[in-house]
Amino acid sequence: MNKKILIGLAALLLLTGCGTTTLKDGKQVVAKMDGKKITAEALYSEFKKQGGYVTLTNMIDDFIVNKEIKTDEDAKSSADSQLKSYKESYQNYGMDFSVALANAGYKSEDDFKEVLILDYKKKVVAENYVKENVTDDDINAYYKDKVFGDIEAKHILISPNTKDGMSDEEKKEAEANAKKDAEKIIKKLDKGENFEKLAKKYSDDKGTASNGGKLTVTYGSVVNEFWDGVNALEDGTYSKEPVKSQYGYHIIYRVKQKAKPKLSKVKDDIIDKIVETRIENDSTLETKALVALRKKYNLKISDSVLKKAYNNSIKTALSAATKENSSN
């Protein structure tokens, strides 16, 4: 959950004359006690040391992101969904969500919702940044390697009869038995028995068993093992060895494959897939996108301490994210 740095905001408000104290030269006292006076200048100096660049960066990004991305119904819907999820999580743990909000510095749910909307917009900013860097070569390579015509197929699934509390040896035995049962079905097919009748009788995939195991397979809609298995078959043939996946053992019959769609019809979908994959695999992209936008808006930080902290924070964020990417 995001948390506002309230002291930073307060310091900036005071220094710009927006608080209850009118400032001229930073020497004005903002707090005092016996033997000690704290001036606005001292407060600002301490604020810079204690993460002031974070507040400054947040203020910059709030402005830029709101200029770049409008608050549309998708942004509101996303924020509403996340807000609901947060509230349910707190309720499940018997915690008061309103108290948690107050402790985090939010005045209301609407206040927090605005932050969730901003987070959504930052994701859109990152998506736009990646999209701008997708080349025709990227699109053509994806089309060549990952776009296929839909495949009409049938399958029979034999799942291991495993139960909670089974030992590893018992699970291995159940796996072996499932494979043997799948191999027996393949022998029945070799003898000429009807695939659809066998699917209705033996398949553990209740979603397709009743219609003879029929299904339409698209790239990405099934587990990799199933896709590789059906894609390796010729039309009108079935797998001669059981295809193992996380669900059990499949016997796959490939009916026919439709023609590959034209690039012009799937280009937008390809770009979306490339963007989605890159964002999933590179946690530096949102930071890079925001840095690029700040440059676009000609950001200049005049305070040398804040500028140094800001530059270091960018290097640290990108370095940490790069290490995280390489370890995944």
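The values are calculated or read from the model by the stated rules, or taken from the named source; none is laboratory data. This structure is a prediction, so every number in the text was calculated from the model and none was measured. Using ideal geometry, Cβ is built from the backbone for each residue, glycine included, and neighbour counts are taken over all protein chains shown.
So which residues in region 211-235 are over 28 Å from the mean Cα position of the chain (by Cα), surrounded by fewer than 16 Cβ atoms within 10 Å (Cβ to Cβ) and under 30 Å from ASN140 (Cα atoms), if there are any at all? ASN231, ALA232, GLU234, ASP235, listed by residue number. Taking region 25-70 as the range and being touching an Asp or Glu at 6+ places or on another chain (Cβ under 9 Å) and either among the polar types (S, T, N, Q) or within 18 Å of PHE112 (Cα to Cα) (or both) as the test, only GLN28 passes. In region 114-121, is there at least one residue being of a type outside the set (Ser, Thr, Tyr), assigned by TED's automatic domain parsing to the domain that holds ALA289, loosely packed, with under 13 Cβ neighbours inside 10 Å and out of contact with any helix residue (DSSP H, G or I) (no Cβ under 7 Å at 6 or more places or on another chain)? The answer is no, given that none of the residues of region 114-121 is of a type outside the set (Ser, Thr, Tyr), assigned by TED's automatic domain parsing to the domain that holds ALA289, loosely packed, with under 13 Cβ neighbours inside 10 Å and out of contact with any helix residue (DSSP H, G or I) (no Cβ under 7 Å at 6 or more places or on another chain). Against the condition in the same structural domain as TYR249 (by TED's automatic domain parsing), surrounded by fewer than 16 Cβ atoms within 10 Å (Cβ to Cβ) and either modelled with pLDDT of 95 or more or under 30 Å from ASP282 (Cα atoms) (or both), how does ALA182 come out, does it pass? Taking the combined requirement at face value, the residue does not satisfy it.
Got at least one residue in region 247-267 being assigned to a loop (DSSP other than H, G, I, E, B) and polar (S, T, N, Q)? Lay out the reasoning, then the answer.
Initially, region 247-267 is screened for residues assigned to a loop (DSSP other than H, G, I, E, B), giving 247, 258-262.
Now narrow it down to the ones that are polar (S, T, N, Q): none.
Checked against the condition, which is being assigned to a loop (DSSP other than H, G, I, E, B) and polar (S, T, N, Q), region 247-267 yields no hits at all.
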